[in-house]
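Written below as structure tokens is the structure these notes are about.
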Amino acid sequence: MKRSIGAVAIVLRKELRDALRDRRTLMTVLVSAVLMGPLVLLAISGLVASLEARAEQREVVVAGIANAPTLRNYLERQTYVVKEAPRDFESQLRRSTLHDPVVVVPEHFEAELVRGDVPVVEIVSDSANQRAEASTARIERLLGGFSRERALLSLALRGVSAQVLEPMEVEDRDLASTQTRATRITGMLPYFVMMAVLYGALNAALDTTAGERERGSLEPLLMNPTERWALVAGKWGAVVCVSVLIAVLSCFSFLPGQWVLRSDTLQAMFQYGPREAGLFILLLLPLAAALSAVLMAVAIRSRTFKEAQASSTVVVLAVSLLPLVNVFDLGGEAPWHLWAPALAQNTLMTRVLKGEALDAWQVLVPLGVCAALAASGVWSVARQLHQAAVK
Amino acid sequence: MIEVRSLAKSFAVPARRGGWRRVRRAGDGTAAPTAGVDGSRVHAVVDVSFDAPDGRITGLLGPNGAGKTTTLRMLAALIAPDAGTMRVDGIDVVARPRDVLARMGVLSDARGLYPRLTARENIVYYGELQGMARDAAEARAVELARRFEMTPLLDRRAGGFSQGERMKTALCRALVHDPPNIVLDEPTNGLDVLATRALRDSLRWLRTPDGGAKCIVFSTHIMQEVERLCDGVVVVAHGRTVATGTVDELLAKSGQRDFEEAFVELAFAAERVAAEPVA
């Protein structure tokens, strides 16, 4: 037994050394998994910053403002700067080169307004143009204000109280804490970290199993007097180490990432410090263990690295798609989420980001699921090893 | 010392994917199995027996597909035999595979190295798996490298090795724990003349008391190898041992003067026997 444990350490050390020497693969994983997250964060912060700037700019783009001096008067009283829309605003909106919705005023606006003929004002936007779309509600409210003012004035002229028009007052009260609101934007962060775990494990898992078969080194390896389980345990340990290493790098890469956030609001809302990073890593450990074992179990059945890549696509897809249940918020949080690997980790990491406490059950269920997966994966590889060597 | 008695192994024919027709069983099932496909099973090894004493080189000679590799894989406890016994230094292979592997160095048909590790690391890894201390394994790697004239290779990564360099490294790897029994599966495959000669010299040395009087079993389909190297020859054809003896004995037995002719005669006779139904 003691000798077998020694053998586990020997195999682990060799596989780690082997994996860490595969610089090109490591760099690819590092760039795609570790740098990707902060870069996306940066892009989001840029978008949010530009939205904020737009909201502060108080500009409104109008086509045909000359037709509506009353409206112009109102807009200017609201301290808005009225800009004339470019001629080809429709195509510009479609191409996303114009970042504001355009208010289109009909030619006889003023005359119709005076006659009480209810002129139609269009707010033109493109739902694929995110920045323009974000300002649409603001412009709608602005124009609504104009209508209300006109109505109030007409009523006041007839001696009717303004309250007749507004028998009820509506006020917003947002229950979400700052952190909860932030997760709408930072919600994809756990997803990126999880992809880092997955891609960290993928190459090492395939290389230690299918790669070993392809090189023809599995057969000689099994001609050593080492127990099968010790060989598999060593290999698995190495894959988990690589995967966790990438996960740690990925989790901590968001720390410097947030210093460069360009949006003050986002920076205030984004609660991700060393504590959160640490919790993330703890939550990801069992997932790394389970994923490594499952990927190895899939790959040992493939003769070549390429074949293994094809068959592991199923695992990769499942891990990539499951957390999307959360991202798209399909039906809110359900108890079964904790039982699905990847989805459970995503749920829990999101809770950490929201600043909510985790109870023991929430941690133990995914831990148990991952432990079971890891054990059955390792067992399956050990069982398959001899057959794989000679085929 | 390696003793193999009446070894047999058959494999299930892999099911045809996407096919719905059942494979028809050949024959009526009463004929003695011969090597080849019989209904749903491939008989790779039918009846192989041989003794390989210490201090001698025993050649396992047979055409392609004779069952040499399967026999050696069973000897290395990689696959379990259907019937027969194998003993290495008196230890049963099936009952105590790990004890056997500790006393045996195998250069198998597959001799893949780890391309990102150096030759030294490749060799030391196996030494450690054989239970050697790291220092001892390192020292042994240096010693073997000197013996096989590959010292300059030691600290190069195996990824860029030539066929011959790979073979030498794999051989060092198999011998790192100084095993009393050495099994080589077609070791000269893909080697040029010089490398083959070097390997032959090494094996001759390993046979001497200086080299440890090893028991060496090596499989090949090349006559010259056997003629030049082997103290004893086991001719295997169609999964059976068809003749054993020294080169001279086999020549006498077949009544030929040329060893190649002798081999063809012995193997061809086996083929005729195999084709004839058992009365």
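Available extension along the chain between A:L152 and A:N73 is 26.8 nm, counting 0.36 nm per residue and deducting the alpha carbon span. For the residues of A:211-221, the average number of beta carbons from a partner chain within 10 Å of their own beta carbon is 6. Counting other Cβ atoms within 10 Å as a rough exposure proxy, the listed residues A:T136, B:T246 run B:T246, A:T136 from fewest neighbours to most.
One quarter of the surface of the convex hull around the alpha-carbon atoms of the stretch A:58-173 equals 8.6 nm², the direction-averaged projected area.
3J(HN,Hα) along the stretch B:256-261: 10, 9, 9, 5, 4, 4 Hz, from the Karplus curve 6.51 cos²θ - 1.76 cosθ + 1.60 with θ = phi - 60°, whole Hz, x for Gly and Pro.
With both labels modelled 7 Å from their Cα along Cα-to-Cβ, the A:R58 to A:A371 distance reads 6.2 nm.
What's the FRET efficiency of B:A136 with A:V170 using the Cβ-Cβ distance as r and R₀ = 60 Å, to the nearest 0.05? According to the calculation, E is roughly 0.10. Rounded to the nearest 0.05, the FRET efficiency derived from the C-beta distance between B:R257 and B:N189 at R0 = 45 Å is 0.95. The mean count of C-beta atoms from other chains within 10 Å of the C-beta of residues in B:171-179, rounded to a whole number, is 1.
A Förster radius of 30 Å combined with the Cβ-Cβ distance from A:A162 to A:L113 puts the calculated FRET efficiency at roughly 0.90. Here each label is just a point 7 Å from Cα along the line to Cβ, and for A:E140 and B:E143 those points are 8.5 nm apart.
Can you say what percent of the DSSP beta bridges in the stretch A:58-173, counting only those with both residues inside, are antiparallel? Round to 5. Looking only at bridges with both residues in the stretch A:58-173, the antiparallel portion is about 30 percent. Ranked by the mean number of other Cβ atoms within 10 Å of their residues, highest first, the peptides B:164-176, A:286-298 come out as A:286-298, B:164-176.
Gain on full extension, evaluated as 0.36 nm per residue between A:A334 and A:A310 minus their Cα-Cα distance, stands at 5.4 nm. Over 31 Å between Cα atoms: which of A:K306/B:K168; A:K235/A:K354; A:K235/B:K168; A:K2/A:K306; A:K391/B:K253 fall into that group? A:K235/A:K354; A:K2/A:K306; A:K391/B:K253, as the Cα separations exceed 31 Å there. Taking label positions 7 Å along the Cα-Cβ direction at both A:R275 and A:D359, the computed distance is 2.1 nm, reported to one decimal. Most simply put, the protein assembly as shown has about 50% antiparallel DSSP beta bridges, counting only bridges with both residues inside it.
The shape of the stretch B:111-178 can be summarised by an equivalent ellipsoid whose semi-axes, obtained from the alpha carbon gyration tensor, come to 17, 12, 10 Å from longest to shortest. Dividing the Cα radius of gyration of chain A by 2.2 N^0.38 Å, with N the residue count, gives 1.39.
Where a number appears in this text, it was derived from the coordinates with a stated rule and is not lab data. No experiment lies behind these values; they were computed from the predicted model shown. We place every Cβ from the backbone using ideal geometry, glycine too, and count neighbours over all the protein chains shown.
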